[in-house]
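Data block below; observations after.
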Amino acid sequence: MNQTIENLKSRRSIRKFKDEQISDEELKIILETATYAPTGRGAQSPKIVVIQNPETIKEFSEWNRSYFPTEMPEDMDPFYGGKTLLIVLADSEFPTYIEDGSSVLTVIVNAAHAIGVGSCWIHRARDEFASQKGKDLLKKWGIPESYEGIGHVVLGYPDIDAPKPLPRKKDYIHYID
Ligand SMILES: Cc1cc2nc3c(=O)[nH]c(=O)nc-3n(C[C@H](O)[C@H](O)[C@H](O)COP(=O)(O)O)c2cc1C
């Protein structure tokens with residue numbers, strides 16, 4: 001099978017990581033590839049925030065957990081011990097910003113898998129950056145306040161075999177005349 005197709009089909013969300021940071025070269029490849037994601041009108045409006053400081057990741061993990069809809073156990077890390085945290089933000093002034101940010105997130109997880117880096121897309125960035133703390137962070141980072149959180153990706157070397165995908169839904173695809 002074509003290698004790209006094989007990679008797209010074999011990528012799975014990884015939720016257990018080795019205690020080892022990914023290489024700078026791998027991170028660079030993933031980030032650069034993400035900037036080639038399709039965006040509405042080619043506006044490239046999303047931004048990718050990169051966090052590798054373990055203390056900062058821990059702080060963001062606790063923040064993320066605070067938005068979990070049901071009670072999450074104290075020892076449950078919503079980032080699963082991922083060594084690198086990426087946050088994708090997108091500019092709400094663009095009509096396609098949610099799609100643009102999601103497009104970037106999709107490229108990130110697939111680029112990571114293609115070079116042997118495990119990843120998991122993590123939710124609740126919208127809640128985080130709608131809050132006063134999120135707005136303060138945008139200001140601190142020099143990012144306009146029109147930016148919203150679209151999603152996170154945690155990256156690391158998988159410490160687990162890739163889980164088996166669920167069977168694909170039979171009615172996923174509709175052919176019409
Ligand atoms: C919008 C979106 C939000 C997600 N949020 C989370 C999340 O917060 N935590 C998590 O463990 N996985 C999250 N995932 C990963 C999905 O659970 C995962 O993609 C799905 O179960 C299918 O598994 P696979 O990625 O291994 O194919 C999210 C995926 C998407 C697309």
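The values are calculated or read from the model by the stated rules, or taken from the named source; none is laboratory data. This one's a predicted model, so the numbers in the text were calculated from it and none came from an experiment. Don't worry about glycine lacking a Cβ; one is built from the backbone with ideal geometry, like all the others, and counts go over all protein chains shown. Keep in mind that these areas ignore ligands, DNA and RNA; they rest on the heavy atoms of the full protein, side chains included. Shrake-Rupley method; radii C 1.70, N 1.55, O 1.52, S 1.80 Å.
Structure data summary
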item	result
Over the chain, equivalent-ellipsoid semi-axes from the Cα gyration tensor in Å	25, 22, 17
Per DSSP, loop GluC sites (Glu not before Pro) in region 22-130 with at most 12 further Cβ within 10 Å	E71, E74, E93
Counting DSSP beta bridges with both ends in the chain, the antiparallel % (nearest 5)	95 percent
Options W63, I115, I51, ranked by Cα towards positive dipole end of region 3-156, top entry (Cβ charges)	I115
Computed [θ] at 222 nm, deg cm²/dmol, the chain (DSSP H ≥ 4; -39,500 (n - 2.57); rounded to nearest 500)	-11000 deg cm²/dmol
Region 3-156, dipole about Cα centre (Lys/Arg Cβ +1, Asp/Glu Cβ -1), debye to the nearest 20	260 debye
Rounded accessible area of F68 (nearest 10 Å², 1.4 Å probe)	70 Å²
Selection from G101, I22, N2 lying farthest towards where the dipole of the chain points positive, charges on Cβ	N2
Size of charge dipole - region 125-165 - debye, nearest 20, with Cβ of Lys, Arg +1 and Asp, Glu -1, no other charges	160 debye
Taking the C-alpha atoms of region 94-177, convex hull volume expressed per residue in Å³	166 Å³
Cβ-derived FRET efficiency at R0 22 Å, I160 paired with T4, nearest 0.05	0.35
Student exercise, region 85-129 dipole from Lys, Arg, Asp, Glu Cβ charges, in Debye to nearest 20	240 debye
